[in-house]
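Chemist: Handing you this structure, nothing more for now.
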Amino acid sequence: MHSSVETYHEVAERCSAYDKKHYQDSFTNIAGDNKSCLNCRHFADDEYCRLDLYDPIAENIK
């Protein structure tokens, strides 16, 4: 998938299933406090949406 940071942000803003990860270590912060796929619980480490919502949302952005 490997999209731009901006695309991950736009998709997360439009995703009804977005659920922000809560990190144990407050210093661990991949994508800052911004809403992004990169900090969603449903987004796997290999940059894949476990709910298969990323592609349909991303297609509507372009």
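Chemist: Between R41 and S3, 0.36 nm times their residue separation minus their Cα-Cα distance comes to what?
Modeler: My answer for the length gained is 11.9 nm.
Chemist: Here's a follow-up. For N34 and L51, calculate 0.36 nm times their separation in residues minus their Cα-Cα distance, and state this gained length in nm to one decimal.
Modeler: Full extension of this stretch gives 4.1 nm more.
Computed from the coordinates by the stated procedures, all read-outs in this text should not be read as laboratory data. All values derive from a computational prediction rather than experimental measurement.
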